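Inspection log for the structure reproduced underneath, given as structure tokens.
We did not get these values from a lab; they are worked out from the coordinates using the rules stated. Values in this document were obtained by computation on a predicted structure and should not be read as measured data.
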Amino acid sequence: MDLVIRDEIASLKQEVEGAMEVRNHAGDTEPLGTRSDTGLLERILVPLDGSIPSETVLRQVQPFLCGGRNEAILFHARTRESALALDGEIPEIARAEEYLDGIAMRLKSGGGHARRLVLKSGVAEGILQVARSERATLVAMSTHGQGTPAGEPYAGTVEQVLCGSRTPLF
């Protein structure tokens, strides 16, 4: 009986130790708490569609950018449904870049680092692609954007990103 209990204790100990580790970007595990808090939020992907509801997350992101170690990657997916859509593809891209540059300047004036990225893609697919390619440590997005129907608890884009991402979603 004592042998069975010891085996169970050893098994539980392994499970607890495994839960106390996190996988870093290289795929290696490291003990929980050994990385700096800022390392956990090193690259924050912030998808924006040009609407006021999509910008509500910026108030929550700003404090994480102070101190200069973390960076916001401001992302806009160029789609026909975009709130920034104009006649023709080139004007929309230029307008999206100008919009994101304005947001980046606001974040930088508060002591943060930010850069912009405009990509021709579907919204959720673009967010997932950029999260992987930029090795984002967090995706920070509003529950509602310009296309969310009134009364819905969150946008379909949020659901797609939540289901398809390995990056934590805020």
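Could you list which residues have their amide H under 5 Å from that of Leu138, counting only those 5 or more apart in sequence or on another chain, with H placed in the peptide plane?
Arg43, Leu45
For region 94-134, rounded, prolate or oblate, judged on the Cα gyration tensor with a ≥ b ≥ c (square roots of eigenvalues), a/c < 1.5 rounded, else prolate if a/b > b/c?
Here region 94-134 falls in the oblate category.
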